[in-house]
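A quick write-up on the structure given underneath.
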Amino acid sequence: MNKLHLMRATSSLLGLLAMASTQAQDAAPGQRLFDSNCAMCHTATPDRRALMGPGLHGVVGRKLAAAPGFGYSAALAGLGGQGRVWTTAELDRFLADPTAYAPGTSMPVSMADPAQRQALLAYLGKLAGPATAAVAAASGPASTAADAGSWSADRPGRIHEWKVADLPKPFATDSASNGPRTVPRPEGMLPAVPDGFKVKLWAKDPDRGRVMVKAPNGDIFISSTTKRLVKVFRSSTGETADVVSTFAAGMDRPFGLAFWPTGPNPQYLYVAFVNAIVRYPYRNGDLVAGGEPEVVVPRLAQAVGAHSSRTLVFSADGRRMFLSIGSATNVAEGIGKTPPVPLADWEARHGLGAAWGEEEGHAVVLAFDADGKNRRTYAAGLRNCVGMYLYPRSGDLLCSVNERDLLGDNLPPDYLTRVKEGGFYGWPWFYIGAHEDPRLAGQRPDLRDKVTTPDLLFTAHAAPLGMVMYEAPPAAPAAFPKAYDGDLFVAFHGSWNRQTRTGSKVVRVFMKDGVPTGRYQDFVTGFVASDAEVWGRPSSVAVQKDGSLLVDDDVTGEIWRVAPK
């Protein structure tokens, strides 16, 4: 099948999926689109809450990059300096392809459908009012640049250890809106790696994919949510990617990727869209999908929600398909105190600690049979398990979780944990064990002693994403020292809700018998230029056939190769 036929088939499929997705939606179209695509990062009211992006109340008619208190990308700031104003026409162009409009923007969501853009713009046009500054959600002393999680102390080899007993109280510091401004990588600058290692540019991906998965034959597959496609990168030597191909395009915000059956000879590539799962025919070595996509799960949730990441993993025997879905909101403050049916009935159907209302089907790991049938909740209370991974030597399912915001610079920690079937991990009522979120105090005392405490705490707001266990093939020419065998590498995307920046690096998690030991170590650093600026934000990691480590940066599109000297 040629690419044009495949893209047409995919577009037809997406039309059917969109129809299914919009059923049971009862809000005004523009507001519904705002809630599903924008509300996690932007406010629609002049209430001055601190969020990741600038407030959109009164955006129509506002000068570009003019909301006070927000760090814009250089591209948007430059356009604002030219005197441009956010008219509906300008916003339409931006929403259609943010990276083309303003290269380097941190805007993660595009909206290809003109009708959807017009509905959203009609809603934004009604939000009249002056721009307001992003300010703290609570009062308290500010953190300093010398705090333990600050980027300024990052260096390869630095050890981190956070303990539950040392957690600060909620609102011990201000909550900040401190999103990073992306700047060009300084001439000659490379990421910092430990002594005995070297780093070089492996590929440049103009589509800035976020999720990287290695196929059994060694090809690297990368999904680009914003460009709505999946690409294949192949390296004949391991040193650089010398073949790049678009595997499939025209997708609905693709994210998670997984090959099935598990083992050396898969037949399909499964792709998690924002609200469906499909699979494409695949054989080892394919650079283009071998046929039309087949719908495996037609709808994942009643509403998309603000976290659009959907991560896919198969069990070792290939019989179970796991899918993580992030929360629809920060902390579910609007769902009410009780579900629409008796609590026991709700949890019997949705799982212990599962939320309801707009959060139904969110903040969970789901399990399906490989054909998409027999859907059930595997675990709940995981606010946003962006990084989900099957540890190869134990078969344990692991999650790296982005925890809630607006409780302070150092609360709550993000974390990595083994995910147990039937487990409840706290969100939204509790965090890191039995610590109750004060914004939902007294609502679910029955869950206090049922929260599973995670295995490893990360710096709060570090935003851990993709992970991989280090294991080099036999006689691999770029194999790491034996001490790395079995440890995890985790990409930290970096903070926005913290006064002193943290993250934007790759860390090594020490493992023993398949369990995190409680400590981790900086491995690749140097992407932060200042407390306001970064030139890179790692999102995913993979181990090549030659034993080298690849690090994907979804902000610049640069993919780095780390290997022993």
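So the values come out like this:
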| read-out | value |
| --- | --- |
| Strands (runs of 3 or more DSSP E) (entirely within the stretch 203-244) containing at least 3 residues that are over 22 Å from GLY290 (Cβ atoms) | none |
| Any hit, the stretch 535-544, residues being assigned to a loop (DSSP other than H, G, I, E, B), within 19 Å of PRO392 (Cα to Cα) and more than 16 Å from the chain's Cα centre (by Cα) | yes |
| Selection count, the stretch 194-212, where residues are open to solvent by 30 Å² or more (accessible area, probe 1.4 Å) and among the aliphatic types (A, V, I, L, M) | 1 |
| Checking ARG498 against (1) more than 18 Å from LEU397 (Cβ to Cβ); (2) open to solvent by 10 Å² or more (accessible area, probe 1.4 Å); (3) not hydrophobic (A, V, I, L, M, F, W, C); (4) not in a strand (DSSP E or B), the condition it does not meet | (2) |
| In the stretch 473-495, the residues that are in contact with a strand residue (DSSP E or B) (Cβ under 7 Å, 6 or more places away or on another chain), farther than 17 Å from ALA563 by Cα and open to solvent by less than 10 Å² (accessible area, probe 1.4 Å) | PHE492, GLY494 |
| Residue within the stretch 311-332 that is of a type in the set (Lys, Arg) and open to solvent by less than 20 Å² (accessible area, probe 1.4 Å) present | no |
| Some residue of the stretch 380-387 being out of contact with any strand residue (DSSP E or B) (no Cβ under 8 Å at 6 or more places or on another chain) and either among the hydrophobic types (A, V, I, L, M, F, W, C) or surrounded by 18 or more Cβ atoms within 10 Å (Cβ to Cβ) (or both) | no |
| Selected residue (only one of PRO254, PRO264 is part of a loop (DSSP other than H, G, I, E, B), without any contact (Cβ under 8 Å) to a residue 40 or more places away in the chain and either among the β-branched types (Val, Ile, Thr) or farther than 26 Å from LYS200 by Cα (or both)) | PRO254 |
| Per-region count, the stretch 213-230, residues at pLDDT 95 or above, open to solvent by 10 Å² or more (accessible area, probe 1.4 Å) and under 20 Å from ALA491 (Cα atoms) | 2 |
| Count - residues of the stretch 232-249 that are surrounded by 19 or more Cβ atoms within 10 Å (Cβ to Cβ) and either closer than 15 Å to ASN284 by Cα or modelled with pLDDT under 95 (or both) | 4 |
| Out of TYR425, TYR415, TYR391, TYR470, sole residue that is over 30 Å from VAL562 (Cα atoms), among the hydroxyl-bearing types (Ser, Thr, Tyr) and open to solvent by less than 20 Å² (accessible area, probe 1.4 Å) | TYR425 |
| Residue match in the stretch 512-519 (condition: polar (S, T, N, Q), out of contact with any helix residue (DSSP H, G or I) (no Cβ under 6 Å at 6 or more places or on another chain) and open to solvent by less than 20 Å² (accessible area, probe 1.4 Å)) | no |
| Condition met for GLU360 (of a type in the set (D, E, K, R), touching a helix residue (DSSP H, G or I) at 6+ places or on another chain (Cβ under 6 Å) and crowded, with 16+ Cβ neighbours inside 10 Å) | no |
| Cross-chain or 6+ apart pairs with Cβ under 8 Å, the stretch 161-186 first and closer than 30 Å to MET511 by Cα, then open to solvent by less than 30 Å² (accessible area, probe 1.4 Å) and among the polar types (S, T, N, Q) | TRP162/THR459 |
| The stretch 394-412: number of residues that are open to solvent by 10 Å² or more (accessible area, probe 1.4 Å) and at positive phi | 2 |
| Residue check for VAL507: touching a residue at least 24 places away in the same chain (Cβ under 8 Å), open to solvent by less than 10 Å² (accessible area, probe 1.4 Å) and under 26 Å from ARG181 (Cα atoms) | yes |
| In the stretch 520-552, residue surrounded by the fewest Cβ atoms within 10 Å (Cβ to Cβ) [restricted to those that are in contact with a His (Cβ under 9 Å, 6 or more places away or on another chain) and of a type in the set (S, T, N, Q)] | GLN521 |
| Yes/no for VAL271 being surrounded by 15 or more Cβ atoms within 10 Å (Cβ to Cβ) and either outside any strand (DSSP E or B) or touching a Pro at 6+ places or on another chain (Cβ under 8 Å) (or both) | yes |
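Okay, residues lined up against (1) under 28 Å from TYR520 (Cα atoms); (2) modelled with pLDDT of 80 or more; (3) open to solvent by less than 40 Å² (accessible area, probe 1.4 Å); (4) among the basic types (Lys, Arg):
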residue	(1), (2), (3), (4)
ALA65	no, no, yes, no
THR99	no, no, yes, no
ALA122	no, yes, no, no
GLY157	yes, yes, yes, no
GLU161	yes, yes, no, no
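Quick grid of which residues meet (1) of a type outside the set (A, V, I, L, M); (2) at pLDDT 95 or above:
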site: ILE432; (1), (2): no, yes
site: PRO438; (1), (2): yes, yes
site: LEU447; (1), (2): no, yes
site: PHE458; (1), (2): yes, yes
site: ALA462; (1), (2): no, yes
site: ALA472; (1), (2): no, no
site: ASP485; (1), (2): yes, yes
site: PHE489; (1), (2): yes, yes
site: THR500; (1), (2): yes, no
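The values are calculated or read from the model by the stated rules, or taken from the named source; none is laboratory data. The model shown is predicted, which means the values in this text are computed figures rather than measured ones. Here the Cβ is made from the backbone with ideal geometry for all residues, glycine too, and neighbour counts use every protein chain on show. Surface areas here come from the heavy atoms of the whole protein model, side chains and all, with no ligands, DNA or RNA. Shrake-Rupley method; radii C 1.70, N 1.55, O 1.52, S 1.80 Å.
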